[in-house]
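Here's the structure, in structure tokens; my notes come after.
The values are calculated or read from the model by the stated rules, or taken from the named source; none is laboratory data. Everything numeric in this text was worked out from a predicted model, so none of it was measured. Here the Cβ positions follow ideal geometry from the backbone for every residue, glycine too, while neighbour counts run over all protein chains shown. The protein model used for the area step is the full one, side chains on, heavy atoms only, and it has no ligands, DNA or RNA in it. Shrake-Rupley method; radii C 1.70, N 1.55, O 1.52, S 1.80 Å.
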Amino acid sequence: MDVDEVLLSVGEFGRYQKWLTGFLVLLQVYVACQSMLIVIVGAIPEYHIDIVDPSADRDIVKHVRFTDNFTSIVSEWHLIQHEAYKVSLASSLLFAGLLIGNILFGPLSDKLGRRPVYLTGLFFDVVFGYITALAPSYEVFAFSRLFVGIMNGGMSLVSFVLTQEYVGKSYWALTGSLTNLTFAIGIALYALLGYYIRNWRILAFVANSPGVLFFLLSLLLPESPRWLYSHGYTSEAEEVLHRIARGNGREIPSVKLKQCNATPGTGDSAHSVLDLARYGVLLWRTVILMYIWYVCSLVYYGLTLNAGELKGNLYVNVALYGLVEVPAFPLCLFFIEKSWSGRGKSTAGFLVFAGLACIVTMFLPDNNGLYLSPAALALLGKLSVSAAFNVVYIYTSELYPTVVRNAGLGVCAMACRVGGILAPFVPSMKSLNPSMPFLAFGISGISAGILSLLLPETLNKPIAECIEDLQSPAYQLLNKRQVTAGRSGHGGPKGRDRKCEETSPAKQKEEET
């Protein structure tokens, strides 16, 4: 048996797996606090300048009086006027770090294992988080945010992979959606912390402290059985699967995996990002998906970071921008499994609606009432783009053949981070025109939604189309060892490709039943 067949026996989503994935899903609360830290820590308090002509005195700092009852990096280091760009710069450095983390940690976790790379990233994430809280100067603060981004982005990527690899494929959509849902709740909890803790250093310290508990508990996590098996550690994989069986209350005498042909300590290194550009179909899909991921990130983080600039209570606005994502979870689960919508049309619909909501805000006055105000439509846009972000994670993993799936997801994640790097600077376009940020978000969302219609559907994919995929050049990238082993009934981790792995998780569960 291979890993998926064993999981059918020991339980695809049993009690022990629920504990493992629940813990990793809850970790997203900590990830959200780190990702959204700058929204409150970098908020601009109300201030007055006690001189008529600020340009007349170069030492303007001694004439500035901040009147709000909270502190931030703006009030401590006087990041106003010509220094105001430093707040957006610190935010962009975090997202640049997320990009670097995605690039580094993905291959490292493939080579060294999920667990050690995840633990290392989480440990240093906590360390640099405390450096952020204790930073003696803006420069130290800014560079600490860069390294927090590297560790946070890489660690959260590996933790997401672990939530998928601990369970059966039938539950990948569920665990992926729960991860995004918990991230949204984390934003709201961070706003609640900010409401009660008005000193930015104490807030940063408290928001980072749960990472210590998560790290200590993470020491109990097992290695991914899928990674162990695919890298030749068959006995270790069997031991982890035995542990899962015991945790699920299943009495199984023995777990015997088919002998994997991979040499222990080595993986399938024959495939790389270059394979995505080698074939027209994969290249075309990759370009479209990269743009969709870029837009999702640009609009998602652009609207979230803009919460601090909306009228009204800062903490309420930040909390609403998190809680508004909660309905996106059931919406996604409903639409992506319907034959009349599926993955593709759901992605297109959510993105187009998000774009239209942003554009309509340009034509509404601020005093137009609660339900038709620009803030309300911006929240609807955030809800819709959150749903699109949720779907595109699942959609992308199903569009790529197994042998290049990791490379495809890595490239798309890079495009996603580019959108995050640019997002903090979009609100500054208000200096040109107050409506420019929402126009940029609107055009981006609509264009990405239309382009997503060019991608094939993956829900209930016909068997003929699956066979055609398996015969495509992308699948021919499998080396002779894997093909020969697959024909002889000892295909190792890639042996299931001949069973049309590219069907949706829901369809697989239906066929297995």
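Please work out which residue is most open to solvent (accessible area, probe 1.4 Å), limiting yourself to the range 271-299 and to residues that are at pLDDT below 80 and touching a helix residue (DSSP H, G or I) at 6+ places or on another chain (Cβ under 7 Å).
VAL273
In the set ALA188, ALA184, ALA135, which member is at pLDDT 95 or above and touching a helix residue (DSSP H, G or I) at 6+ places or on another chain (Cβ under 6 Å)?
None of the others qualify; the one that does is ALA135.
Would you pick out the residues in the range 161-170 that are among the hydroxyl-bearing types (Ser, Thr, Tyr) and either part of a helix (DSSP H, G or I) or free of Cβ contacts under 8 Å to residues at least 12 places away in the same chain (or both)?
Once the filter is applied, which keeps residues that are among the hydroxyl-bearing types (Ser, Thr, Tyr) and either part of a helix (DSSP H, G or I) or free of Cβ contacts under 8 Å to residues at least 12 places away in the same chain (or both), the range 161-170 yields THR163, SER170.
Of everything in the range 409-437 that's among the small types (Gly, Ala, Ser) and open to solvent by less than 40 Å² (accessible area, probe 1.4 Å), which residue is nearest to PRO374 (Cα to Cα)? Give the steps one after another, and end with the answer.
If we filter the range 409-437 for residues that are among the small types (Gly, Ala, Ser), which is where we start, we get 410, 413, 415, 419-420, 423, 428, 431, 435.
From what is left, the residues that are open to solvent by less than 40 Å² (accessible area, probe 1.4 Å) are 410, 413, 415, 419-420, 423, 435.
On the way: GLY410: 35, ALA413: 30, ALA415: 29, GLY419: 23, GLY420: 23, ALA423: 19, SER435: 11 Å.
Residue satisfying both the conditions and the ranking: SER435.
So TYR196 passes all but one of these: (1) touching a Leu at 6+ places or on another chain (Cβ under 6 Å); (2) closer than 30 Å to ASP68 by Cα. Which condition number does it fail?
Answer for TYR196: the failing condition is (1).
Is the range 122-129 home to any residue that is out of contact with any helix residue (DSSP H, G or I) (no Cβ under 6 Å at 6 or more places or on another chain), open to solvent by 20 Å² or more (accessible area, probe 1.4 Å) and over 30 Å from SER230 (Cα atoms)?
yes
Quick one: which residue in VAL126, VAL148, VAL140, VAL158 is more than 23 Å from ILE336 (Cβ to Cβ), within 18 Å of the chain's Cα centre (by Cα), at pLDDT 90 or above and assigned to a helix (DSSP H, G or I)?
Checking each option against the conditions leaves just VAL148.
Right, ALA307: within 30 Å of THR71 (Cβ to Cβ), assigned to a helix (DSSP H, G or I), modelled with pLDDT under 90 and over 21 Å from the mean Cα position of the chain (by Cα) or not?
Here the answer is no, as ALA307 does not meet what is asked.
May I ask you to say which residue of ILE150, ILE185 is β-branched (Val, Ile, Thr) and either crowded, with 21+ Cβ neighbours inside 10 Å or within 30 Å of ALA237 (Cα to Cα) (or both)?
On the way: ILE185 fails: either crowded, with 21+ Cβ neighbours inside 10 Å or within 30 Å of ALA237 (Cα to Cα) (or both).
Among ILE150, ILE185, only ILE150 is β-branched (Val, Ile, Thr) and either crowded, with 21+ Cβ neighbours inside 10 Å or within 30 Å of ALA237 (Cα to Cα) (or both).
Do we find that ALA173 is over 19 Å from ASN152 (Cα atoms), surrounded by 23 or more Cβ atoms within 10 Å (Cβ to Cβ) and aliphatic (A, V, I, L, M) in this structure? Reasoning before the result, please.
Working: over 19 Å from ASN152 (Cα atoms): yes; surrounded by 23 or more Cβ atoms within 10 Å (Cβ to Cβ): yes; aliphatic (A, V, I, L, M): yes.
The answer is yes for ALA173.
Go through the residues of the range 60-71 one by one and say whether even a single one is modelled with pLDDT of 80 or more and surrounded by 14 or more Cβ atoms within 10 Å (Cβ to Cβ).
Looking through the range 60-71, at least one residue is modelled with pLDDT of 80 or more and surrounded by 14 or more Cβ atoms within 10 Å (Cβ to Cβ).
Taking the condition of being without any contact (Cβ under 8 Å) to a residue 60 or more places away in the chain and part of a helix (DSSP H, G or I), how many residues in the range 323-352 meet it?
Total meeting the criteria: 5.
Of all residues in the range 239-261, which are part of a loop (DSSP other than H, G, I, E, B) and open to solvent by less than 30 Å² (accessible area, probe 1.4 Å)?
Just the residues of the range 239-261 that are part of a loop (DSSP other than H, G, I, E, B), to begin with: 248-261.
If the condition is that a residue be part of a loop (DSSP other than H, G, I, E, B) and open to solvent by less than 30 Å² (accessible area, probe 1.4 Å), then ASN248, VAL255, LEU257, CYS260 are the ones that fit.
Within the range 18-59, track down each residue that is β-branched (Val, Ile, Thr), at pLDDT 90 or above and either over 19 Å from SER91 (Cβ atoms) or surrounded by fewer than 22 Cβ atoms within 10 Å (Cβ to Cβ) (or both).
Of everything in the range 18-59, those that are β-branched (Val, Ile, Thr), at pLDDT 90 or above and either over 19 Å from SER91 (Cβ atoms) or surrounded by fewer than 22 Cβ atoms within 10 Å (Cβ to Cβ) (or both) turn out to be THR21, VAL25, VAL29.
Starting from the range 138-159, take each residue that is under 17 Å from GLY113 (Cα atoms) and list its partners that are open to solvent by 20 Å² or more (accessible area, probe 1.4 Å) and among the charged types (D, E, K, R), counting only C-beta distances under 7 angstrom and pairs at least six apart or across chains.
VAL158/ARG114
Name the single residue, out of those in the range 189-220 being of a type in the set (Gly, Ala, Ser) and within 12 Å of TYR30 (Cα to Cα), that is surrounded by the fewest Cβ atoms within 10 Å (Cβ to Cβ).
Among residues in the range 189-220 that are of a type in the set (Gly, Ala, Ser) and within 12 Å of TYR30 (Cα to Cα), the one surrounded by the fewest Cβ atoms within 10 Å (Cβ to Cβ) is SER209.
Which members of the range 432-458 meet the condition of being polar (S, T, N, Q) and not in a loop (DSSP other than H, G, I, E, B)?
Scanning the range 432-458 gives SER444, SER447, SER452.
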